[in-house]
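All remarks here apply to the structure that follows.
The values are calculated or read from the model by the stated rules, or taken from the named source; none is laboratory data. If you're wondering where the values come from, they're calculated on a predicted model, not measured in any experiment. Note that we place each Cβ from the backbone using ideal geometry, even for glycine, and neighbour counts take in every protein chain shown.
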Amino acid sequence: MDLRIYYQKIRDAQATISDPHPVIVSRETPDGGKEGTLTEVPSAIAAKMVVEGAARLATAEETQITGGPGQRPNGSQTRPRPRGRCKSR
């Protein structure tokens, strides 16, 4: 693979991304990548992952948050963070 072409593809992909922190959707990969995970990343990382085929940009519908605070887009609840110090003694 010609590195000049590879990095030019990444620059071209990054130029098409208008958001500085887009949401991407992971794709299934041979090394165990799980399909469908939504992640907000810097545009340079998003462009790299899109060019490599490991992810795609999320649609507007996929980026909509359903539910209120403490709820994930799939409807499951997040655990509250502990307050104060850990009491290990």
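Worth pointing out:
- Note on the chain: enclosed helices (runs of 4 or more DSSP H) holding 2 or more residues that are at pLDDT 95 or above are 3-16, 43-52.
- In the range 1-21, the residues that are within 19 Å of Leu57 (Cβ to Cβ) reach residues that are hydroxyl-bearing (Ser, Thr, Tyr) and part of a helix (DSSP H, G or I) with C-beta atoms within less than 8 angstrom, at least six apart or across chains, in these pairs: Gln14/Ser43; Ile17/Ser43; Asp19/Ser43; Pro20/Ser43; His21/Ser43.
- When residues of the range 22-40 are limited to those that are touching a residue at least 12 places away in the same chain (Cβ under 8 Å) and in contact with a Lys or Arg (Cβ under 7 Å, 6 or more places away or on another chain), the one surrounded by the most Cβ atoms within 10 Å (Cβ to Cβ): Ile24
- In the range 1-42, the residues that are under 10 Å from the mean Cα position of the chain (by Cα) and among the polar types (S, T, N, Q): Ser26, Thr37, Thr39
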